[in-house]
Amino acid sequence: MKRIGLLIERHWHYGRRLCEGIAAYSRECGDLALEFPEWDALGDTKALRQYDGFIARIWSPEMAAQLKVAKRPVIDVYGGEPSDDFVLVDQNARLISQLAVRHFIEHHFTQFAFCGYAFQRYSTLRRESFVHALELNHFRCSVFEDESFSADKFGQKIIGKGDYDAGIRSKRLDRWLKRLKKPVAIFCAHDLVALELVRACQELGINVPREVAVLGVDNDPLLCDFTNPTISSVDPNPFEIGYQAAQALVQWIDDPKHKPKDIKPAPAGLVER
């Protein structure tokens, strides 16, 4: 029986879907004992070495260093601190952004924008892919990136503690929204940003979706249904990400000399609300 440590948040829909995918593979494999170590256990190398491997949302250099010291196979399902010591199983930013562009163009938008974070790798990848996909269709994109979060602070606040405040709202954001030529389609780094953006528009008297159409990522039902109008969102397929992460980890444990390659499953689709 392989003892697997899951360092994954369960307060967000995305993290729970990751765990559901891992559990589905575990049922098929029949040889896994899945456990949730406390985040504080990362400082206890002896305790970490009792596990055969880990699937983790690695958001900081400190967290990466602690897992390296454990000297166990690690599958990273976040990608905040890429490392050759880990295997990354993560969202496919290119395909996610292509879905967003196709959705907006099909709804006849010609003005586009991206709203995300300046220091978050996943946000940067989505922004770059979105801008590139628009350029291939001969469109330009305005960008707003919140600069208040370091990668470590964001991980602790949003992932580790499940804080509901994405920190994106500011006077600078309000000024940016007012300046945008409308109607405009805005692709958000994730659903929490989309939620705050909709609320900002409503407070500023900007009509959603007639003046500003908002699209998120993660398809979190609670967040997407928390506003009126509700929020459309790309489903990045966390269940499949979790499933393939568990599969890759078992292969690595069984054959330590052959480290699996990084994997980026395709998104499950776009959920229009």
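The values are calculated or read from the model by the stated rules, or taken from the named source; none is laboratory data. As the structure is a prediction and not an experimental result, all values here were calculated from the model. No Cβ is skipped: glycine too gets one built from the backbone with ideal geometry, and neighbour counts run over all protein chains shown. These accessible areas exclude ligands, DNA and RNA; they are computed on the full protein's heavy atoms, side chains included. Shrake-Rupley method; radii C 1.70, N 1.55, O 1.52, S 1.80 Å.
Below, the figures for the structure above:
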{"item": "Breaking point among (1) at pLDDT below 95; (2) touching a strand residue (DSSP E or B) at 6+ places or on another chain (Cβ under 9 Å), for ASP84", "result": "(2)"}
{"item": "Pair list, Cβ under 7 Å, 6 or more apart: the range 124-140 residue closer than 16 Å to LEU95 by Cβ, other residue open to solvent by 50 Å² or more (accessible area, probe 1.4 Å) and part of a helix (DSSP H, G or I)", "result": "SER129/ARG94; ALA133/GLN98; ASN137/ILE105"}
{"item": "Hits in the range 103-121 (condition: in a helix (DSSP H, G or I), surrounded by fewer than 23 Cβ atoms within 10 Å (Cβ to Cβ) and touching a residue at least 60 places away in the same chain (Cβ under 8 Å))", "result": "HIS103"}
{"item": "Neighbours by Cβ (under 8 Å, 6+ apart or cross-chain): first from the range 249-273, more than 20 Å from ASN92 (Cβ to Cβ); second open to solvent by less than 50 Å² (accessible area, probe 1.4 Å) and of a type in the set (Val, Ile, Thr)", "result": "TRP252/ILE75; TRP252/VAL87; LYS259/VAL87; ARG273/ILE231"}
{"item": "Top-ranked residue in the range 81-113 [being under 17 Å from the mean Cα position of the chain (by Cα) and of a type in the set (Gly, Ala, Ser); ranked as farthest from LYS182 (Cα to Cα)]", "result": "ALA93"}
{"item": "Among the residues listed as SER142, SER129, the single one being open to solvent by 20 Å² or more (accessible area, probe 1.4 Å), modelled with pLDDT of 95 or more, small (Gly, Ala, Ser) and in contact with a Leu (Cβ under 7 Å, 6 or more places away or on another chain)", "result": "SER142"}
{"item": "Qualifying residue in the range 227-245 (condition: among the small types (Gly, Ala, Ser) and more than 19 Å from the chain's Cα centre (by Cα))", "result": "no"}
{"item": "Pick from the range 179-197, criterion of a type in the set (Val, Ile, Thr) and modelled with pLDDT of 95 or more, ranking: farthest from ALA113 (Cα to Cα)", "result": "VAL184"}
